[in-house]
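No lab work stands behind these numbers, since they all come straight from the coordinates. Model, not experiment: these values are computed from the prediction. No Cβ is skipped: glycine too gets one built from the backbone with ideal geometry, and neighbour counts run over all protein chains shown.
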Amino acid sequence: MKIYVIQAFNEDGLENVYVGSDDEKALSLKSEDFENCDALFVEIWEDGEKTDDFRLVESPSSQDSDEENPM
């Protein structure tokens, strides 16, 4: 089973803000969901070993896209 660890980064360091197996929930989090969060990082653990880590890149909301590219 994969375990997702989401870490919030700010000037004071990293803090685990989510640990669980729900990949949809883990990958849908945004830095704006957390106070004083500059970026989110993901660690994926499987069978007690870290198998991957990356910065969670947030896509702009559809409203922002509409404002930037009006029809």
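Under 20 Å from the 7 Å Cα→Cβ point of N10, by amide nitrogen: which residues of the stretch 35-50?
35-43
Can you return the aspartates and glutamates within cross-link range of K2? Criterion is Cα-Cα under 14 Å, with same-chain partners fewer than 8 residues away left out.
D22, D23, E24, E43, E46, D47, E49, D52, D53
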